[in-house]
1. If the only charges are +1 at each Lys and Arg Cβ and -1 at each Asp and Glu Cβ, what is the size of the charge dipole of segment 132-225 around the Cα centre, to the nearest 20 debye?
2. When all protein chains stay in place, what accessible area (Å², nearest 10, 1.4 Å probe) is found for MET236?
3. Before rounding to the nearest 500, sum -39500 (n - 2.57) across all DSSP H runs of length at least 4 in the chain and divide by the residue total; then give [θ] at 222 nm in deg cm²/dmol.
4. If you count only protein heavy atoms and use a 1.4 Å probe, how large is the accessible surface of LYS273, to the nearest 10 Å²?
5. Between THR195 and GLN293, what FRET efficiency comes out of the Förster formula 1/(1 + (r/R0)^6) with R0 = 30 Å and r the beta carbon distance, rounded to 0.05?
6. Once the dipole of segment 205-269 is set up with Lys and Arg at +1 and Asp and Glu at -1 on Cβ about the Cα centre, which of ILE207, HIS258, THR235 lies farthest towards its positive end?
7. At each listed q (0.15 Å⁻¹), what is the log10 of I(q)/I(0) that the Debye formula gives for the chain modelled as equal alpha-carbon point scatterers?
8. Report the local net charge at THR276: Lys and Arg +1, Asp and Glu -1, summed over other residues whose C-beta lies under 14 Å from its C-beta.
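The values are calculated or read from the model by the stated rules, or taken from the named source; none is laboratory data. Remember, predicted model here, so these are calculated numbers, not experimental data. Backbone-built Cβ (ideal geometry, glycine too); neighbour counts: all protein chains shown. With ligands, DNA and RNA removed, areas are computed over all heavy atoms of the protein, side chains included. Shrake-Rupley method; radii C 1.70, N 1.55, O 1.52, S 1.80 Å.
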Amino acid sequence: MDNSAFAEPDFKFKTIGVAGLGLIGGSMAKTIREKYPCKLLGYDKRNEVNDYLDESGFLDGVLGEDNIGECDLIIVALYPGVTVDYVKSMLPYIQKGSIVTDCCGIKKAVCDSLSKECASYGVRFVGAHPMAGIEKSGYDYSFAGLFDNASMILCRDEYTDENAIGELSEFYLKLGFGQIKESNPVEHDRVIAYTSQLAHVVSGAYIKGSTCDTRYGFSAGSFKDMTRVAFLNETMWTELFLENGESLSKEIAELILHLDEFKEAIDNNDRDKLFTLLKEGRLAKENDERKEQIWKEKFM
């Protein structure tokens, strides 16, 4: 099929497929439709979503074995294990030279399973992780502005095609991402255990406090900030936590160590120690914000 009418000259991908139309995949599809002229195919496990989007004209077709070979780019926004199974099942139908990328919150398990396999079919796989989201899930909560100024992480391994990294970087910047962060699967999973997964653990533990039943009228921004991400998809996050268990367990252990320092100071009525711990936290936050600003000035 001639898809030349769908893409402008400086937009490389003429046909894009999005597999998984939940919060992330749905937002990807909506952003692509708004900002990137192309033929757009989509697939979701819920047939009612496929039917609605196809009949409404939002999609140019439902993504499947019969048309996935048209795609220059395939974005898979499914759970990690399902992502691996889906890509492997579709590899015989995907055209050589096309790019397959994912949106999973862990990278090593996905890249280890797909990078070499895709390369053997002549398909270029790049592990990716859009650093954006809200506490809700599903297509109904997806929206085109979700990725505005967000960071997109692209991971290299020994099978990565460098041109694919460049093509995806250009593509995601056109979608409104603020910066591209290049990494590798091991580094990604180690750091994400701290920046994302640990926050969800803390939020889930904190909201279970017995005093929560009497907090109404006593809470403000700090409570909402601490508990926001407890509103999660437990099926997906269980898989993410266990696939990155070693790194996440280390982060939990370090957090417990720091919490124990506070508890000991309070139990012992040690004013000087408590003052020092609070000051250390404030200075660490100031230093973190200063380093983040330096990073933004250098890379954004």
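1. The dipole of segment 132-225 has a size of about 640 debye.
2. Here the accessible area works out near 60 Å².
3. -15500 deg cm²/dmol, from helical runs alone.
4. 90
5. 0.95
6. Positive-end residue among those listed: ILE207.
7. For the chain, the Cα-only Debye profile gives -1.22.
8. Around THR276, the charge tally is -1.
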